[in-house]
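A short write-up of the structure that comes next.
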Amino acid sequence: MGPERRGVQQIRTFAGLVDGRRSRTSAGALLELSMLEMEKTRLTKEMQRADRRCAEIRKRLAEITVKQQRIHRFVEKPQDDGSGDATAAALPLHTVPVGKLKRRRLSY
């Protein structure tokens, strides 16, 4: 077995040291309270950023799913056997609007 792997959370800094004398005075207690409040604010903002990023990822995953369904529908020609899939019928066959298609003319 190799050595135990450690991450960033295991790094010991001076910020982690607690001075017992600091909270014995009212000034030290107020300082400690302000430090805790600043850490709480920082962590709250970090959590909000993570939630926002998760929402962006969920949105992109939904877009990918819709695009995959459109591509599958385009590639697999629909069968006219009467078994129409409700989700496939709701999706358009082409993703590009008809007016925006570029056409090339061959001239020899």
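Every number here is computed from the coordinates shown, using simple stated rules; none is lab data. The model shown is predicted, which means the values in this text are computed figures rather than measured ones. Don't worry about glycine lacking a Cβ; one is built from the backbone with ideal geometry, like all the others, and counts go over all protein chains shown.
What the table shows:
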{"quantity": "FRET efficiency estimate (nearest 0.05) - Cβ-Cβ, Ala55 to Arg6, R0 25 angstrom", "calculated": "0.20"}
{"quantity": "Difference of contour (0.36 nm per residue) and Cα-Cα distance, Thr25 to Glu46", "calculated": "4.4 nm"}
